[in-house]
Amino acid sequence: MDSSFLSVLVLHGPNLNLLGQREPGIYGASTLEDINRDLDSLATELGIAVDALQSNHEGLLVDAIQGASQKHQGILINAAAYTHTSVALRDAIAAVNIPTVEVHLSNIYKRETFRHHSYIAPVVVGQISGFGPDSYSLGLRALVNYLKSQH
Ligand code: CA2
């Protein structure tokens, strides 16, 4: 597929709107706006489009995933706490069959044991965890390479 036609939906889960304002020791100083701006620049460099959405509501994220097939060829998601709780997000990702990459700012395997399990990991192409905001840019690059290799 011509990469100029690639569009990626970036989803940020609950509380990520607080980035840069609270807990900088764990999640760093970057705000969500900074992360989205960097992804926009990277998208331009890669010749693709990105649309970003943050929500604190599980159903809204499910709706966004279900709607993604209308417009997007890939999904980059930091499901935040829903990573560890949400069968609904996992089922939505599996149902739409759009290649998805899971990212986390922190290394979830170095943290509390309840963060070690991801419900969505089995239905995504791959996971990047522990590189702060770089997890998103690494994830987007990997997703775009994957999408290009499929077409
Ligand atoms: O490391 C990540 O990206 C996480 O997905 C972040 C989630 C956490 O529940 C996951 O286990 C790992 C939490 C996002 C909450 O972000 C905040 C940002 C600033 C202040 C408080 C929370």
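The values are calculated or read from the model by the stated rules, or taken from the named source; none is laboratory data. Owing to the predicted nature of the structure, the values given are computational and were not obtained by experimental measurement. Quick reminder, even Gly has a Cβ in these numbers, built from the backbone with ideal geometry, and neighbours come from all protein chains shown.
So that you can scan it fast, the table gives a plain yes or no per residue for (1) farther than 17 Å from Asn56 by Cα; (2) in a strand (DSSP E or B); (3) not charged (D, E, K, R):
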| residue | (1), (2), (3) |
| --- | --- |
| Leu76 | no, yes, yes |
| Ala88 | no, no, yes |
| Asp91 | yes, no, no |
| Ile98 | yes, no, yes |
| Tyr109 | yes, no, yes |
| His117 | yes, no, yes |
| Leu138 | yes, no, yes |
| Arg141 | yes, no, no |
| Leu147 | yes, no, yes |
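Can you tell me which residue is surrounded by the most Cβ atoms within 10 Å (Cβ to Cβ) among those in the range 79-88 that are among the hydrophobic types (A, V, I, L, M, F, W, C) and within 12 Å of the ligand (Cβ to nearest atom)? Walk me through how you get there before you give the answer.
Within the range 79-88, the subset among the hydrophobic types (A, V, I, L, M, F, W, C) is 79-81, 87-88.
In the following step, the residues that additionally are within 12 Å of the ligand (Cβ to nearest atom) were identified as 79-81.
Details: Ala79: 26, Ala80: 20, Ala81: 15.
Here the answer is Ala79.
From the set of residues in the range 98-128 that are without any contact (Cβ under 8 Å) to a residue 60 or more places away in the chain and under 18 Å from Asp38 (Cβ atoms), which is surrounded by the most Cβ atoms within 10 Å (Cβ to Cβ)?
Only one residue tops the list, namely Val103.
Quick check on my filter: what residues within the range 1-43 are within 7 Å of the ligand (Cβ to nearest atom) and at pLDDT below 95?
Scanning the range 1-43 gives Gln21, Arg22, Glu23, Tyr27.
Please go through (1) surrounded by fewer than 19 Cβ atoms within 10 Å (Cβ to Cβ); (2) within 15 Å of the ligand (Cβ to nearest atom); (3) farther than 23 Å from Glu33 by Cβ for Asn56 and return the number of the only condition it doesn't satisfy.
Among (1) surrounded by fewer than 19 Cβ atoms within 10 Å (Cβ to Cβ); (2) within 15 Å of the ligand (Cβ to nearest atom); (3) farther than 23 Å from Glu33 by Cβ, Asn56 violates only (3).
Can you pull out every residue in the range 57-88 that is touching a Leu at 6+ places or on another chain (Cβ under 9 Å), over 23 Å from His151 (Cβ atoms) and without any contact (Cβ under 8 Å) to a residue 60 or more places away in the chain?
Glu58, Leu60, Leu61, Val62, Ala64, Ser86, Ala88, listed by residue number.
Tell me, which residue of the range 25-55 that is of a type in the set (Val, Ile, Thr) and assigned to a helix (DSSP H, G or I) is farthest from Gly13 (Cα to Cα)?
Checking each candidate, the answer is Thr44.
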